[in-house]
Amino acid sequence: MTDKMLAAVFEGVGKLELKDVPVPQITKPDQVKIEVEAIGICGTDVHICSVPPGYIATPGTILGHEYVGRIVELGKSVSHLKLGDRVVVNPNDYCGTCVYCQNHLPTLCENIGAIGIDVDGAYAKYNVVSGKLAFRIDDSVPIEHGAFAEMLADVVNGTNKVRVQPGEYVVVIGAGPIGQLYAQMFKASGAGKVIIADTSPYRLEYSRKMGFDLVVNPLEEDLKEFVMRETGVGADVVVDAAGSVLPVAVDIARKGGKVVLFGVNTHAKAELKQSEITMKELQIFGSWLANGTFPAAVKVLESRKLDLDGLISHKIPLTDLHKGIDMLAKREAMKIIVFP
């Protein structure tokens, strides 16, 4: 094992450099070293690299947080894993002692450390994390599917909040990878109709390719009219996977419906009449990260019930990372898997 590895290091606003860095070493007894096998480019990575940034990362940090790999070294106190295990990683290292952690709300941890944002991530050959963040996944799962675990665990947290019932009508606003996973999960749950809305022709065509026929571009067709024509009363469940369309979500939800706010756009400021929520008796759910949902996500991946191969538009080496981020920024790709 060499003492250097190629890594993608965030150096500051608009600066992501591929350079050789020291191979990380285990420094605490509860840590594990992972040889990274595959990693997905996340929209968060795109926002971090944007100018101005849409998401803040710590300069000098190796980016990347959607990954799968094998255990190559164990800290002395790690007993639930063994050498050679394939694992997926929860990239949010919760403290376990703050009031939220003690109330089983790790997504709201006051001292959370985000891998690939606050501390070194996985756009590299090796990564060292706390063993509590690593979850074993069966070798039968294709490597690139493992890179969906973090996204899927986040989505499961959101779907758990609304519990779509067979026959219910769902609208997903935002047809990127997260929106596609929500749509697939709702379809697998027996949703009667799944409507997908986006302003990107590429993403809408991709949605059709994935088997979703009810797609609409709000720039070309009135979204509310489309939803009312297909549902009669409005959507039972609406997911805002774009992070900026709360007023639209409220408008197209039926009375007594549910809205999940998932996408994060820190620049978006929604204006709406609060009375619309009150008088329609809507339930509004914020959904942030994975909340004890990694085991469920692993089970879904192992079941092979979702079409993840269809979501992968590109597979690239780490040396092409900048090209991948640029493609996603231009909405010219769906899910890009990087092999370090």
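The values are calculated or read from the model by the stated rules, or taken from the named source; none is laboratory data. Computed from a predicted model, the values in this text were never measured in an experiment. When we count neighbours, we look across all protein chains shown, and the Cβ atoms used for this are built from the backbone with ideal geometry, even at glycine.
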Kindly establish whether Gly176 is free of Cβ contacts under 8 Å to residues at least 40 places away in the same chain, outside the structural domain of Gly43 (by TED's automatic domain parsing) and not acidic (Asp, Glu). no
Scan of the range 14-36 for residues that are assigned to a loop (DSSP other than H, G, I, E, B) and surrounded by 14 or more Cβ atoms within 10 Å (Cβ to Cβ), ordered by number: Val23, Pro24, Ile26, Asp30
Every listed condition ((1) over 21 Å from Ile48 (Cβ atoms); (2) touching a Leu at 6+ places or on another chain (Cβ under 7 Å)) holds for Pro106 save (2)
If I filter the range 37-48 for residues that are part of a strand (DSSP E or B) and without any contact (Cβ under 8 Å) to a residue 60 or more places away in the chain, do I get at least one hit? no
I'm trying to understand the selection: among the residues of the range 160-199, which are surrounded by fewer than 17 Cβ atoms within 10 Å (Cβ to Cβ), more than 16 Å from Asp307 (Cβ to Cβ) and hydroxyl-bearing (Ser, Thr, Tyr)? Thr199
Does any residue in the range 80-95 that is within 18 Å of Ile112 (Cβ to Cβ) come within less than 9 Å, Cβ to Cβ, of a residue that is in a loop (DSSP other than H, G, I, E, B) and of a type in the set (D, E, K, R) six or more places away or on a different chain, and which pairs are these? Asp93/Asp118; Cys95/Glu110
Options Ala270, Ala242: the member that is buried (at least 21 other Cβ atoms within 10 Å of the Cβ), modelled with pLDDT under 95 and outside the structural domain of Ser140 (by TED's automatic domain parsing): Ala242
For Glu302, all conditions in the list (1) modelled with pLDDT of 95 or more; (2) in contact with a Phe, Trp or Tyr (Cβ under 7 Å, 6 or more places away or on another chain) hold save one; what is the number of the exception? (2)
Of the residues that make up the range 218-235, is at least one modelled with pLDDT of 95 or more and under 27 Å from Phe148 (Cα atoms)? no
Subset tally (residues that are touching a residue at least 40 places away in the same chain (Cβ under 8 Å) and either touching a strand residue (DSSP E or B) at 6+ places or on another chain (Cβ under 8 Å) or in a strand (DSSP E or B) (or both)) for the range 199-222: 2
